[in-house]
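Written below as structure tokens is the structure these notes are about.
The values are calculated or read from the model by the stated rules, or taken from the named source; none is laboratory data. Quick caveat, the model's predicted, so the values are computed rather than measured. Backbone-built Cβ (ideal geometry, glycine too); neighbour counts: all protein chains shown.
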Amino acid sequence: MRKCFSLILCLLDFVKIKGGTMQSIIKNITTTVLLVAILCLISLIGAQEGKEGSEIKLVPVYEKTFAASVVDVIFDTVTVSIEEAKAMGWKEAAITEKDSANREIAISYPKVVIVSHGRRLGYYAPAVKRSSGSVTEIRFYDRKGKLLNVVEIGKLENDEWDQIHISPNCKYILISHIPSETNSGYTGGILYDFTGKKIREIKGPTPIAISDEGYMIAAYLDWQAPPEPGGSFYIYNSEGRLIQTIENPSKEKTAPLFAKYTEDGENAVL
């Protein structure tokens with residue numbers, strides 16, 4: 001089972017509490033992440049929930065230091081020995097009596113690390129953090145931290161703007177080529193699996209969503225702001241074959257821009 005902890009990771013990396021207020025601390029630094037809330041070992045101290053005076057205490061259970069600034073991390077889950085779990089950064093607080101009796105524990109480890117430029121992202125970080133505006137490459141690791149693969153994404157200096165899409169349960173990673181005024185022919189994309197293996201290159205319209213079954217939704221994106229109304233959505237199966245075209249029902253007012261699959265892959269929002 002894979003865990004996409006990216007949102008909470010982003011918050012832990014980007015904000016801190018100081019004097020009762022949230023302050024940005026996005027810096028060009030090596031990122032140390034205490035996965036406290038992310039890995040969800042939270043103990044409730046005091047009375048039952050809702051009772052006045054109850055207190056929630058966050059217990060650190062895992063610590064990981066990354067050698068570069070990161071904007072996103074995808075975790076995979078594996079069962080290992082207690083000794084190996086500790087060597088991977090897991091703390092005693094994460095180990096239950098049952099785990100100790102079995103001498104093994106199911107833990108999460110960073111499988112995919114999305115590396116940033118190290119520059120300040122600003123207040124709109126969630127909207128751009130998986131793009132060429134903030135990302136240089138994607139690194140894939142095994143459970144022992146061995147680097148398996150590195151995938152570079154489009155470089156802004158080459159007029160290449162890429163957007164990273166991850167399927168709901170992190171089975172696939174899709175890199176979408178986004179056209180621009182100076183590079184309007186930069187379309188299509190590349191599909192990778194969870195180990196960084198290239199599945200296929202996509203020609204033609206730019207894919208903008210991927211399901212865990214490998215189905216994709218694509219569109220011809222307009223670089224203008226606002227985009228020219230019109231266009232359609234194109235649906236591809238897991239073999240990359242076009243199986244359906246969905247015409248924009250409001251071509252006079254809207255243009256294809258966004259799509260997202262539900263977690264079960266049965267439906268999508270266009």
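Yes/no per residue for (1) free of Cβ contacts under 8 Å to residues at least 40 places away in the same chain; (2) among the acidic types (D, E):
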| position | (1), (2) |
| --- | --- |
| K155 | yes, no |
| N158 | yes, no |
| N169 | no, no |
| Y172 | no, no |
| I190 | yes, no |
| I199 | yes, no |
| G214 | no, no |
| E228 | yes, yes |
| R241 | yes, no |
inquiry  = Tally up the residues in region 133-154 that are assigned to a strand (DSSP E or B), farther than 18 Å from I175 by Cα and not hydrophobic (A, V, I, L, M, F, W, C), please.
reply    = 1
ask   = Do we have any residue at all in region 219-228 that's assigned to a loop (DSSP other than H, G, I, E, B), modelled with pLDDT under 85 and small (G, A, S)?
value = yes
inquiry  = Condition (residue is surrounded by 15 or more Cβ atoms within 10 Å (Cβ to Cβ), out of contact with any Phe, Trp or Tyr (no Cβ under 7 Å at 6 or more places or on another chain) and closer than 29 Å to E137 by Cβ) applied to region 233-246: is it met by at least one residue?
reply    = yes
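Can we say E228 is loosely packed, with under 13 Cβ neighbours inside 10 Å, touching a strand residue (DSSP E or B) at 6+ places or on another chain (Cβ under 8 Å) and within 21 Å of D162 (Cα to Cα)? Lay out the reasoning, then the answer.
On the way: loosely packed, with under 13 Cβ neighbours inside 10 Å: yes; touching a strand residue (DSSP E or B) at 6+ places or on another chain (Cβ under 8 Å): no; within 21 Å of D162 (Cα to Cα): yes.
Answer is no for this residue.
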key: Index of the failed condition, A93 passing every other in (1) outside any strand (DSSP E or B); (2) within 25 Å of I164 (Cβ to Cβ)   = (2)
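On the given criteria, is Y234 assigned to a strand (DSSP E or B) and of a type outside the set (A, V, I, L, M)? Give the steps one after another, and end with the answer.
Working: assigned to a strand (DSSP E or B): yes; of a type outside the set (A, V, I, L, M): yes.
Spelling it out, Y234 is indeed assigned to a strand (DSSP E or B) and of a type outside the set (A, V, I, L, M).
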ask   = Can T206 be described as closer than 19 Å to E152 by Cβ, surrounded by fewer than 17 Cβ atoms within 10 Å (Cβ to Cβ) and hydroxyl-bearing (S, T, Y)?
value = no
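Using the structure shown, decide if K111 is touching a Lys or Arg at 6+ places or on another chain (Cβ under 8 Å), surrounded by 12 or more Cβ atoms within 10 Å (Cβ to Cβ), part of a strand (DSSP E or B) and among the basic types (K, R).
Numbers: touching a Lys or Arg at 6+ places or on another chain (Cβ under 8 Å): yes; surrounded by 12 or more Cβ atoms within 10 Å (Cβ to Cβ): yes; part of a strand (DSSP E or B): yes; among the basic types (K, R): yes.
When the stated conditions are applied, K111 passes them.
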query = Assuming K91 fulfils every condition listed in (1) loosely packed, with under 12 Cβ neighbours inside 10 Å; (2) charged (D, E, K, R); (3) modelled with pLDDT of 90 or more apart from one, which condition is it?
reply = (1)
Among residues of region 157-177, those that are in a strand (DSSP E or B) and either within 14 Å of the chain's Cα centre (by Cα) or modelled with pLDDT of 90 or more (or both), counted = 11
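So which of R130, R143, R139 is within 19 Å of F194 (Cβ to Cβ), in contact with a Lys or Arg (Cβ under 9 Å, 6 or more places away or on another chain), at pLDDT 80 or above and of a type in the set (D, E, K, R)? Before the answer, list the steps.
Details: R130 fails: in contact with a Lys or Arg (Cβ under 9 Å, 6 or more places away or on another chain); R139 fails: in contact with a Lys or Arg (Cβ under 9 Å, 6 or more places away or on another chain).
Among R130, R143, R139, only R143 is within 19 Å of F194 (Cβ to Cβ), in contact with a Lys or Arg (Cβ under 9 Å, 6 or more places away or on another chain), at pLDDT 80 or above and of a type in the set (D, E, K, R).
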